[in-house]
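The values are calculated or read from the model by the stated rules, or taken from the named source; none is laboratory data. The model shown is predicted, which means the values in this text are computed figures rather than measured ones. For accessibility, only protein heavy atoms count, side chains too; no ligands or nucleic acids. Shrake-Rupley method; radii C 1.70, N 1.55, O 1.52, S 1.80 Å.
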Amino acid sequence: MSYALELNDVTASYGHGSILHGINFAVPEGEVTALLGANGAGKTTTLRAICGMIETGGEVRLFGEDITGKSPDAIARMGVAHVPDGRGTFTGLTVMDNLRLGALIAKRRGNFRRSLDRVFDYFPRLKERMGQHAGTLSGGEQQMLAISRALVSEPHLILLDEPSIGLAPVIVKQLFGILEQIAQDAGVSMLLVEQNSNLALKLASNAALLEVGNLVAQGSAEALSQNQDIARAYLGDG
Ligand code: ATP
């Protein structure tokens with residue numbers, strides 16, 4: 001099997017005190033992997049470590065290449081798109097300018113028109129709102145914009161941090177339907193951090209479970225969702 005991403009004994013800290021204590025897991029190429037765990041387990045920190053945003057030890061490999069210690073900018077240019085916690089859209093800019101920035105920041109040689117058309121096929125609402133400031137969009141639309149901004153950089157790997165947070169169940173359902181389509185169509189690999197474990201395990205083909213900075217389980221999404229001990233301890237929230 002080839003992997004989009006491999007974490008080998010990865011440690012991370014914010015200066016004092018270690019947050020990740022040497023975690024190992026991999027994201028198979030072209031598949032969705034869910035990263036689950038309770039509040040404070042270190043899920044967001046793991047995504048930041050992959051993106052080069054914090055001090056990281058061990059080894060992070062992207063399509064076999066060691067990217068540990070590279071800058072966030074270099075990692076973005078190598079095809080990693082991060083959709084952060086809280087979405088990170090520029091609220092004072094229009095939808096279109098947010099999308100232009102997505103393509104620019106990654107400095108990748110894609111065809112912006114073509115990726116824009118593709119994004120608008122997935123999210124027609126954004127096309128209607130093209131000239132509107134991102135800050136005037138609904139929560140669901142802002143999440144769609146954040147995902148679209150990642151997509152226009154034509155990434156090989158998308159890191160999604162809690163896309164369902166703060167959204168009404170009906171919007172979450174719609175959003176996850178589109179994420180499923182994106183995963184199927186584009187062959188893009190995804191690492192999905194979610195509080196809503198049951199939802200994540202429906203979309204993902206495999207999963208890893210974090211507990212206070214340690215990886216405590218990993219395997220196929222099906223196996224994890226059927227494991228009674230894990231379900232009782234961690235998966236009762238979906
Ligand atoms: P949540 O769903 O609550 O975001 P999480 O699993 O994503 O949980 P992290 O956000 O990665 O967890 O946090 C892991 C630990 O790191 C927590 O103890 C948190 O307090 C700490 N932490 C997070 N961000 C920082 C920071 N900027 N500086 C110092 N400590 C931090």
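Observations on the structure shown:
- Theoretical ellipticity at 222 nm over the chain - DSSP helices of four or more residues, -39500 (n - 2.57) apiece, nearest 500: -11000 deg cm²/dmol
- If you take the Cα centroid of the range 165-238 and the Cα centroid of the range 12-45, the two points sit 14 Å apart.
- Above-threshold pairs, the threshold being 23 Å between Cα atoms, out of Lys43/Lys127; Lys43/Lys202; Lys70/Lys202; Lys127/Lys202: Lys43/Lys127; Lys70/Lys202; Lys127/Lys202
- Accessible-area composition of the range 3-235, carbon plus sulfur, in percent [1.4 Å probe]: 49
- Residue ranking by accessible heavy-atom surface, 1.4 Å probe, largest first, among Tyr14, Tyr122, Tyr3 comes out as Tyr14, Tyr3, Tyr122.
- In degrees, nearest ten, helix 95-106 long axis to first principal axis of the chain (Cα): 50
- 1.4 Å probe accessible area per residue over the range 1-97, in Å²: 42
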